[in-house]
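One structure below.
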Amino acid sequence: MNQPALRISKLTVKSTLEPGAPAIVSEIGFDLRKGEILALVGESGCGKTKTAEAIMGLLPASHWQVTAGAIELNGTDCSDLPPASLRKLRGNEISMIFQEPLTALDPVFSCGHQVSSVLRRHLGSARNEARDRTIKMLQQVGFADPERIFRSYPHQLSGGMRQRVMIAMAMSCRPAVLIADEPTTALDVTTQAQVLDQLTKLGREYGTAILLITHDLGVVAQYADRVMVMLDGVIVETAEVENLFKQPQHPCTRQLLSYTTGAVA
Amino acid sequence: MATEILARRKMRISRSGLTGLVIVIFFFLLAVAVWAGWAGQNWSAADGERWASPGSTWWFGTNQLGQDIFERAVYSVRTAFEIGIVVSLLSTALGAALGAVAGWRSNTLADGTVLWLAGVLDSIPFYLFVAAVAFALQGLPWAMHVAMIATFWTATARLARAEVMKIKSREFVLSARAIGLPSWLILMRHVLPNTLHILLIQASISFVAAIKTEVILSFLGLGVQDGVSWGLMLAESTQEVLAGHFNNFLAASIMLFLLLLGFNLLSDALQDSFDPKQAAL
Amino acid sequence: MPWFLRKLSHGGLLILGVTFISFSLMVWFGPDQTYTLIGKNATTEQIAEVREQLGYNQSFVVRYGHYLADLFTFNLGASNSSGESVNRILQKTIPVTLALMLPGFILGNLLGIALALLATGKKDQWTDRLITGFSVTGMSISFLVVIIFLQVLLCTPYGLNLFPVRGWQVSGLASYLYYVTVPTLSLIFITVGYNTRFFRAVFVEEAGKDHIRTARAYGASTMTILWRHVLKNSLVPIITRFMYTIPLVVISGSLLIESYFGIPGIGKATFDAVTSGDQPVLKAVVGLTAVAFIVIQLFTDFIYKLVDPRIA
Ligand SMILES: Nc1ncnc2c1ncn2[C@@H]1O[C@H](COP(=O)(O)OP(=O)(O)OP(=O)(O)O)[C@@H](O)[C@H]1O
Ligand SMILES: [Mg+2]
C-alpha cells in the first residue's frame, strides 16, 4: 500500500544524433509518493523537460535513446509495455502539462473538443456525457463561462486561459500522476498564482501526485512538499522543502537560492 | 565568404546524396568528352541499316534512319548540360537578383512589381507560354531557353525574397547599416551569401526542370532545333515503338532517367543537410 | 481596404498583366495569318483588306484595347482556322478535357496524400525511405517516357493490348473507361512523385509541432494523430496546392496528353491555336485561365476560413 505513485530508477536519455555527446539526463532516480507535490528544479537547459518527456514516453526512438532501470506507475513497470498499453495510461493514469501554453493545444480543434476527446478515448464516454464532464472540468479550473470556453479555439484564449484548459484536460481522467513542466513560466505573476492554486487544489482533491518542474524557488517554497535539484542531467540533491531552504547541501542549490532571494530583495 | 558559410552549416551528405553526386559527375565528364570532341561526334551520320540490333558495331542499335543510337544518346548528354546549365544559372541569377531587391525593399513599389510579375507569369499556362515565346522568337535557337528562364525565376525569387527579409533584420545587417555601408554592398557582402544554400538547391531543381521541359518541348516541335537531344530521340521513338522498335526509346529514357535521378538525389541531400527536420512520431 | 476589394484589385492587376503578356507574345509577335487566310498569290489590295479585317494595320495600344474589350464582353469571335465560334469550341473541348484530366488529377493527389501520411507515420523507418525513394524515382521520369511506356505496355500487341493507342470516342461509361484509363494512369504516375514529396514535407513539419506532442501525451494513437491532427492542420497547404495546380494541370498537362493521344480537348485546341496563330482561340484560353486563377484565389481564401479557425 505504501508504494509510490511513480518510481523512476536509472533513467538515462541520450541523443542518437550526437553519439559522442554526454547524456542529457543520466541515471536519475526518484520516488513520487502518492498525493505529494515533488518539485524538480534546475537551470534552463539542465534536462528537466527531457526527463518529463522520457517518463511519458514521448521521445521518438529515432532521435533519442532512453534507458531506464524502471519506470513504475503505481507499482507496475511501464518501461517494457507495448505501445498500445502505454497509450491507455497516457492522459489517463499519468498526464502532463507543458511549458508552452500557446502552442500546446491543437489550433484547429475547439478546446472543448480536445478535452472531451481525451475523456472519450480513455473512459469510453458518449459524446454528451464527455461534453458535460468537460464543462464541469472547465468550471473546476475556474472558468466562469465554461460553455463559451468549450466552444472557443485556442487562439481566442490568453496564455493563462489556455493553460487552465490544459489543466482541465490533464486532470479530466483523475490521473495518479501529473507532470507539470513549468506550467506558469510563460505567464504573468498574478496568473501564475491563480493557475498554480487551481492545479494544486485539484491535485489534492483527486489525490494526484504532482511532479512540479520549475526553476522558481518561490513556487517551490509555496507549493511543494519535497524538492529535487538537477544539474546538467543529474539530480544533485533531494530534500524536504524546509530543509532545503534552511541548509542547502549542494553549491548549485545555494546558487539557485541566491538568485531567488536576490530577486526578492 | 561563400565556402565559409557552407562550411559553417554542418554539411552531412547522405549516402543517396553521394550516389547522386557520382552520377552527376559521371554525366558531366561525358558532356566534357563530347565538348572536347572525344565522344558522340558521329551522331548525325545515317550510315547504318535501319533499325539494326545492338551489337559490336552499333552498341545500342540504330534508329529509323540508320543513325547510331549510342552516338546520339551520348551527344545528347552535352545538349542536356547546355540547356540545364544555361537555364539553371540564368534563371537562378535572375530570381536571386529580383528576389533580393524585393526582399530588401519589401512592401515598396519595387517589391510589389516583382511579386506582380511573378504572379502574372505563374498564372499563364506554362507550355502555352513557352509555345508563344518560341513562336515570337521564331528561328532563334534560344527561344526555348528564354521561355524557361522567363518562367523558372519566379520560385527562386519568392524564396530569396523571404530569406532576405529574414536576414535583413539580423544584427550583422543592422550594424552594417548603422555604420553606413551602402545597400548594394551589404546585399552583396552579407545578405546574398547567406541565401546561397537556397540558390544552390534552386539551381539544381531548375536544372532538372529544364531538362524535363526540353523533352516535352522537343516532342511538341518547339524544343531543340538543330542537334540531337533525348527529347528529340523520344519524339522519334513515339513512331518506332508502335512498330516494335524500342532501342531509341530505351537508350534515351534510361540515360535521361539516370541524369535526372542523380540531380534529384543531390538536391534532396542538399535540402536535408541545410534543413534537417527532427520530428518523428 | 476591405478584404474582397483588395483581392479584387489584386486580381484586376493580375488579369491586366496576364493579358498584356499574352497579347504581346501571341498576338503582336505571333504568327501572321494573312497568307493562311488568302493563299500565296493574292493581290496587294486583297492583302491590305485582310490585314485590315484582322486589325493588323492598327497600333499596339489600339489592338490591345480591342483585345481587352472583347475579353470583358465575352465577345470571343470565331476561330480563324476553322471558322467555328470560339464559344462553341470551348463548349466542345472543355468537358472533354475535364473528363480526361480530373480523375488522374484527383487520384494523383489522394494517392500522394496517402503515401505521405504513411511516410510521416513511419518517418525514418524503411517504409518512409521506400516511399521517399519511390517519389524521387517518379520525379526523375519524364512525362513523355511515362506516356510512351504505358502506351506500349497497355495499348500495343507488344504488351497487354487492352486499350486504344489513341483517340476519344466516348459514348458511355464503358467507352469512357476504355479511352480514359491510359491517360489517367499516366497522369497519376507523373504527379504522384511530386505530390508525395510535397505533402510529406508538409506533414512532417506539422508532425513536429508542439500540439502533436500533447496529443501523444494524452494517448492518441499514431492513426489518430495522422488522420485528425496532422491532416486537419495541413488542410491549408493541401487546398492551396490543389487549387493552384488545377489550371496548370488541366491546361498544360492536357496539352501534352491530348496531343499525344489525339484527344480533342482544350489543350490540343490551344496548342493548335498557338502554332497556327489562331488569335480568337488564344485570346479566350488565356483570358479564361487568368480569370479562373483569380476566381480560384478568391474561392481558396474562402475555403481557408472554413478549414482553419485562425483565419478570420
Ligand atoms: N531536439 C534536441 N536535440 C538535441 N539536443 C536537445 C534537443 N532538445 C533539447 N536538447 C538539449 O537537451 C538539454 C535539456 O533540454 P531540456 O529541454 O530538457 O531543458 P530544460 O531543463 O527543460 O530547460 P528549460 O528550463 O529552458 O525548459 C538542453 O541542454 C538542450 O541543449
Ligand atoms: Mg523545459
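Roughly how tilted is helix B:69-104, in degrees to the nearest 10 and between 0 and 90, from the longest Cα axis of chain B?
Around 20 degrees separate the two axes.
Roughly what % of DSSP beta bridges within the protein assembly as shown run antiparallel, to the nearest 5? Walk me through the numbers on the way to the answer.
Numbers: 23 of 43 bridges.
For the protein assembly as shown, the DSSP antiparallel bridge percentage is about 55.
For the protein assembly as shown, what does the helix formula give at 222 nm: sum of -39500 (n - 2.57) over DSSP H segments with n ≥ 4, over the residue count, nearest 500 deg cm²/dmol?
On the way: 34 runs with 516 residues, N = 858.
Helix-only estimate at 222 nm: -19500 deg cm²/dmol.
Once Lys and Arg get +1 and Asp and Glu get -1 on their Cβ, which of B:TRP38, B:ALA235, B:THR154 lies farthest toward the positive end of the dipole of chain B?
B:THR154
Could you list the square roots of 5 times each eigenvalue of the Cα gyration tensor of chain B, that is, the equivalent ellipsoid semi-axes, sorted largest first and rounded to whole Å? Please list the in-between numbers first.
Working: eigenvalues 336, 98, 46 Å².
Ellipsoid half-lengths, sorted descending, are 41, 22, 15 Å.
If you take the Cα atoms of region C:120-198, find Rg, then find the Kirkwood Rh from the mean of 1/r over all pairs, what is Rg/Rh?
Working: Rg = 15.6 Å, Rh = 14.1 Å.
Here Rg/Rh amounts to 1.11.
Which distance in nm do the two modelled labels at C:ASP210 and A:LYS201 give, with both placed 7 Å along the Cα-to-Cβ direction?
About 2.5 nm separates the two model spin labels.
Quick check for me: using +1 on Lys/Arg Cβ and -1 on Asp/Glu Cβ, what's the dipole size of the protein assembly as shown about its Cα centre, in debye to the nearest 20?
Details: 67 positive and 60 negative charges, 323 e Å.
That gives a dipole near 1560 debye.
Roughly how tilted is helix A:127-140, in degrees to the nearest 10 and between 0 and 90, from the longest Cα axis of chain A?
So the helix axis and the longest Cα principal axis differ by about 50 degrees.
Give me the 1.4 Å probe accessible area per residue for region C:93-264, excluding ligands and nucleic acids, in Å². Write out the running numbers ahead of the final one.
Working: 6530 Å² over 172 residues.
Ligands and nucleic acids excluded, the figure is 38 Å² per residue.
Over the Cα atoms, compute the radius of gyration (one decimal) and Dmax (the largest Cα-Cα distance, rounded to a whole number) for chain A, in Å.
Rg and Dmax of chain A, Cα atoms, are 18.3, 55 Å.
Give me log10 I(q)/I(0) at q = 0.12, 0.14 Å⁻¹ for region C:93-264, Debye formula, one equal scatterer per alpha-carbon, no solvent.
The Cα Debye sum returns log10 ratios of -0.62, -0.78.
So, with +1 on the Cβ of K and R and -1 on the Cβ of D and E, and no other charges, what is the size of the charge dipole of region A:108-186 about its Cα centre, to the nearest 20 debye? Before the final figure, lay out the partial values.
Values: 11 positive and 6 negative charges, 53 e Å.
Roughly 260 debye, rounded to the nearest 20.
Under 20 Å between alpha carbons, and skipping anything fewer than 8 positions from C:LYS92 in its own chain: which lysines qualify?
Reachable lysines: C:LYS268, C:LYS283.
Can you tell me the FRET efficiency between B:LEU18 and B:LEU89 if r is taken as the Cβ-Cβ distance and R0 is 30 Å, rounded to the nearest 0.05?
Details: r = 24 Å, r/R0 = 0.79.
About 0.80, to the nearest 0.05.
If we count every other residue with Cβ under 15 angstrom of B:SER169's Cβ, Lys/Arg +1 and Asp/Glu -1, where does the sum land?
Numbers: positive: B:ARG105, B:ARG161, B:LYS166, B:LYS168, B:ARG170, B:ARG177; negative: B:GLU163, B:GLU171.
The answer is +4.
Placing unit charges on C-beta atoms (Lys and Arg positive, Asp and Glu negative, everything else neutral), compute the dipole magnitude of chain B about its Cα centre in debye, rounded to 20.
Working: 18 positive and 17 negative charges, 288 e Å.
Dipole about the Cα centre, nearest 20: 1380 debye.
Taking the alpha-carbon distance from C:LYS232 and a cut-off under 16 Å, which lysines remain once sequence neighbours fewer than 8 residues away in the same chain are dropped?
C:LYS232 reaches C:LYS209, C:LYS305.
With heavy atoms of protein chains only and a 1.4 Å probe, what residues of region C:262-285 have at least 10 Å² less accessible area in the full set of chains than alone?
The answer is C:THR270, C:PHE271, C:VAL274, C:THR275.
Chains C and A: what accessible area do they bury, summed, in square angstrom to the nearest 100, with a 1.4 Å probe?
2200
For region B:170-275, what does the accessible surface come to per residue with a 1.4 Å probe? Please give it in Å².
With the other protein chains kept in place, region B:170-275 gives 37 Å² per residue.
How big is the C/B interface in buried accessible area, both sides summed, 1.4 Å probe, to the nearest 100 Å²?
Working: alone 17210 and 14730 Å², together 27590 Å².
For chain C against chain B, roughly 4300 Å² becomes buried.
For the protein assembly as shown, with all protein chains present and a 1.4 Å probe, just round the carbon and sulfur fraction of the accessible area to a whole percent.
Details: 23120 of 37770 Å².
Exposed carbon and sulfur together represent 61 percent of the surface.
How big is D for chain C, in µm² s⁻¹ as a whole number, if Stokes-Einstein is applied with the Kirkwood radius of its Cα pairs at 25 °C and 0.890 mPa s?
Numbers: Rh = 22.5 Å.
Rounded to a whole number, D works out at 109 µm²/s.
Given the Cα atoms of region A:109-222, and with Rh set as the inverse mean 1/r over their pairs in the Kirkwood sense, what is Rg to Rh to two decimals?
Values: Rg = 13.8 Å, Rh = 14.3 Å.
Rounded to two decimals, Rg over Rh is 0.96.
Which values of log₁₀ I(q)/I(0), to two decimal places, follow from the Debye formula for region A:1-106 at q = 0.10, 0.14, 0.23 Å⁻¹ with a uniform point scatterer at every Cα?
-0.30, -0.59, -1.51
Please express the shape of the protein assembly as shown as an equivalent ellipsoid: the semi-axes are the square roots of 5 times the eigenvalues of the C-alpha gyration tensor, given largest first in whole angstrom. Mind dumping the intermediate values first?
Details: eigenvalues 740, 190, 152 Å².
After scaling each eigenvalue by five and taking roots: 61, 31, 28 Å.
How much length is gained if the chain between C:VAL62 and C:LEU162 is pulled fully straight, taking 0.36 nm per residue apart and subtracting their Cα-Cα distance, in nm to one decimal?
Here the segment from C:VAL62 to C:LEU162 would lengthen by 30.6 nm.
Helix C:266-276: angle to the longest alpha-carbon principal axis of chain C, degrees 0 to 90, nearest 10?
40
Would you please name the trypsin sites (Lys or Arg not before Pro) within region B:62-171 that are DSSP coil residues with at most 14 other C-beta atoms within 10 Å of their C-beta? Mind showing how you got there, number by number?
Working: sites: B:ARG72, B:ARG78, B:ARG105, B:ARG158, B:ARG161, B:LYS166, B:LYS168, B:ARG170; in loops: B:ARG105, B:ARG170.
Listed in order of number, the matching sites are B:ARG170.
In peptide C:16-29, what is the residue-averaged number of other protein chain Cβ atoms found within 10 Å of each Cβ?
Numbers: counts 2, 7, 7, 2, 1, 9, 7, 0, 2, 12, 8, 2, 1, 6.
Mean partner shielding for this stretch: 5.
The values are calculated or read from the model by the stated rules, or taken from the named source; none is laboratory data. Computed from a predicted model, the values in this text were never measured in an experiment. Quick reminder, even Gly has a Cβ in these numbers, built from the backbone with ideal geometry, and neighbours come from all protein chains shown. Please note that ligands, DNA and RNA were not included when accessible areas were found on the heavy atoms of the full protein model with its side chains. Shrake-Rupley method; radii C 1.70, N 1.55, O 1.52, S 1.80 Å.
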